[in-house]
Amino acid sequence: MPEERRFLDASNQNEPVTLWLVFAESAQPLAGYSVVYSEQERAFGLVTPGTVEPVLLGFYGGFVETLNSM
């Protein structure tokens, strides 16, 4: 089930953004790559673990395009 979470935005000097976590590569949430959705951007993005909080790498458009970017 999607869950709203906070992430750091790598393209915006690590400013926090709130996004929907929709898919996690690992059974342990946010241990590997994750796919998020932004209602504002209307796009899916890729997240990777960070030192403090997970970091948004960028938006890739659709869900399948984002999965292919992993």
- [ ] Note down the magnitude of the dipole of the chain about its Cα centre, charges +1 on Lys and Arg C-beta and -1 on Asp and Glu C-beta and zero elsewhere, to the nearest 20 debye.
- [x] 80
- [ ] Arrange MET70, MET1 by Cβ neighbour counts within 10 Å, fewest through most, would you?
- [x] MET1, MET70
Open item on the list: With every atom except the alpha carbons ignored, what do you get for Rg and Dmax of the chain, in angstroms?
Closed with: 10.6, 29
Open item on the list: Suppose a student asked you for the relative contact order of the stretch 3-68, using Cα pairs under 8 Å spaced at least 6 residues apart; what percent would you report?
Closed with: 27
TODO: Quickly estimate the mean residue ellipticity at 222 nm for the chain, helices only: each DSSP H run with n ≥ 4 gives -39500 (n - 2.57), and the total goes over all residues, rounded to 500.
DONE: -2000 deg cm²/dmol
TODO: Round to a whole angstrom and tell me the spacing of the C-alpha centers of the stretch 47-70 and the stretch 1-45.
DONE: 7
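Just so you know, all these numbers are worked out from the coordinates, no wet-lab data involved. Predicted model, so just to flag it, every value in this text is computed and none were measured. Positions of Cβ are backbone-derived with ideal geometry, glycine not excepted, and every protein chain shown enters the neighbour counts.
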